[in-house]
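S.K.: One structure follows; several queries about it will come next.
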C-alpha cells in the first residue's frame, strides 16, 4: 500500500489504521457504518469468451475489487454474446464467465440484468444457473436488492428487464427474441417497479437496466422509454439509472437523474460529442461505485468512477441525493425536478 509516498505492507497498514480508529471519537450509533464504505462494481456487454479486451477488463476489475473491498458486482445485460446461453450447462458459463473472472476478489455475488442478446438465447437459463452457482444471482427476470442486507439502509437497488419495454425490437413477430419477450408482461413489471420504489425509504435508489433512456452512443435514446420508464423514475426520486447496450462509458445528468452507461465490458463502439453530456468515451472498462456513510445520519456520499482496461481512472462524479418530492414535467422528452 502506498500512503503519502511511503510503502507499507498490508499488515502494517491495518495496524496503523486500527490505531487511528482507536484514538478517534465516534458516536456509538454510527461507529459501524463509518468504518467501512460500501463498494460495488458495474460491468455490461461483456461475455465474449475473453476476447475484445474482456480479460483485460476482468483483470482490472479484480484489482479494483481487491483495493476497494467490493461487496458485489452488478451487470447491465448482454452477459453472453451473440446468442445468450441456452441452459445452465451452456459452455459459455465457463468460457465467458467462470474462466475469465477468476480473481479472488471477484468471487462475490454477481447481480445480473438481462440484455437483448441474452434474449436471443434462453433468458430463463440464467435464472436456472443461479440455483446452482451462488456467485450468480438472478432469482427472477427483475428483482430488488436491499442495501440493508449489507448493513446500509441508505441505498436500494432495483434490477429491471428492459427488453419488454423496447418496442422496436420486441415487437418483431416470428423472431426468436419476440417469442422470448412475449412471455413477459411490461405493464406488470411497471406495476411491480412502482410498488418497490414507493416502499423504499433509501436515500439513494438505483435502477439497473440494459437499454438506455438517453445515450450518445451508437444506439442512441431508446424509443418509448421517456413515456413509460422515465416518468416512474422521476416521480419516485431515483438517483441514478445505470445501463449498458451502448458499448462505451457515459455519464449524462438530466432532470436530477444521473444516467450512467457501463456497457464496455468487452467490445466497444463509438460515441458522439454532445455539449450537455458530463462524460462519454469509447473505451473498454467498467464502473466502481462507493457509498460512504457520514458520522451523522444523512451525511454520507455516493460516488462512482469509470476505470478502463489499463486501470486508468477516466471520470469521477458524485450522485446527488434527490429531493424528497419531485414534480415531473414531460415536454419534448425533457423533465425537471
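The values are calculated or read from the model by the stated rules, or taken from the named source; none is laboratory data. Quick caveat, the model's predicted, so the values are computed rather than measured. All Cβ positions, even for glycine, are placed from backbone atoms using ideal geometry, and neighbour counts span all protein chains on display.
S.K.: Restricting attention to the stretch 284-291, does a residue exist that is at pLDDT 95 or above, in the same structural domain as residue 115 (by TED's automatic domain parsing), surrounded by 15 or more Cβ atoms within 10 Å (Cβ to Cβ) and not in a strand (DSSP E or B)? Give the derivation first.
M.R.: The first filter runs over the stretch 284-291 and keeps only residues at pLDDT 95 or above, leaving 284-291.
Of the ones still in play, those that are also in the same structural domain as residue 115 (by TED's automatic domain parsing) are 284-291.
With surrounded by 15 or more Cβ atoms within 10 Å (Cβ to Cβ) added as a condition, the list becomes 284-291.
Those still in the list that are not in a strand (DSSP E or B) too: 284.
Looking for residues that are at pLDDT 95 or above, in the same structural domain as residue 115 (by TED's automatic domain parsing), surrounded by 15 or more Cβ atoms within 10 Å (Cβ to Cβ) and not in a strand (DSSP E or B), one finds at least one in the stretch 284-291, hence yes.
S.K.: Could you list all residues from the stretch 225-253 that are crowded, with 20+ Cβ neighbours inside 10 Å and not in a loop (DSSP other than H, G, I, E, B)?
M.R.: 229, 230, 233, 234, 240, 241, 242, 243, 249, 250, 251, 252
S.K.: Those residues that are in contact with a helix residue (DSSP H, G or I) (Cβ under 8 Å, 6 or more places away or on another chain) and at pLDDT below 90, I need them from the stretch 301-329; list them, please.
M.R.: Of all residues in the stretch 301-329, those in contact with a helix residue (DSSP H, G or I) (Cβ under 8 Å, 6 or more places away or on another chain) come to 307-311, 326, 328.
Listed by number, the residues that qualify are 326, 328.
S.K.: Now, a different point. In this structure, does residue 212 turn out to be closer than 22 Å to residue 250 by Cβ and modelled with pLDDT under 95?
M.R.: Working: closer than 22 Å to residue 250 by Cβ: yes; modelled with pLDDT under 95: no.
Spelling it out, it is not the case that residue 212 is closer than 22 Å to residue 250 by Cβ and modelled with pLDDT under 95.
S.K.: Take the stretch 44-69 and flag every residue that is in contact with a strand residue (DSSP E or B) (Cβ under 8 Å, 6 or more places away or on another chain) and farther than 17 Å from residue 308 by Cα. Break it down stepwise before answering.
M.R.: Step one: of the stretch 44-69, the residues in contact with a strand residue (DSSP E or B) (Cβ under 8 Å, 6 or more places away or on another chain) are 44, 46, 57, 60-61, 64-65, 68-69.
Hit for the stretch 44-69 is 69, nothing else.
S.K.: I need the full set of residues from the stretch 137-154 which are over 15 Å from residue 201 (Cβ atoms) and assigned to a loop (DSSP other than H, G, I, E, B), in order please.
M.R.: Matches in the stretch 137-154: 138, 139, 140, 141, 142, 151.
S.K.: Which one of these does residue 202 not meet: (1) surrounded by 22 or more Cβ atoms within 10 Å (Cβ to Cβ); (2) under 27 Å from residue 300 (Cα atoms)?
M.R.: (1)
S.K.: Now, a different point. Could you list, in sequence order, the residues of the stretch 254-268 that are under 19 Å from the mean Cα position of the chain (by Cα) and farther than 15 Å from residue 43 by Cβ?
M.R.: Of the residues in the stretch 254-268, the ones under 19 Å from the mean Cα position of the chain (by Cα) are 254, 256-268.
Within the stretch 254-268, 254, 256, 257, 258, 259 meet the criteria.
S.K.: Something else: Looking at (1) farther than 18 Å from residue 268 by Cα; (2) at pLDDT 95 or above; (3) crowded, with 19+ Cβ neighbours inside 10 Å; (4) over 20 Å from the mean Cα position of the chain (by Cα), which one does residue 87 not meet, given that it meets all the others?
M.R.: Result: residue 87 passes all but (3).
S.K.: Restricting the search to the stretch 83-130, which residues are under 21 Å from residue 166 (Cβ atoms) and assigned to a helix (DSSP H, G or I)?
M.R.: Answer for the stretch 83-130, where residues must be under 21 Å from residue 166 (Cβ atoms) and assigned to a helix (DSSP H, G or I): 116, 117, 118, 119, 123, 124, 125, 126, 127.
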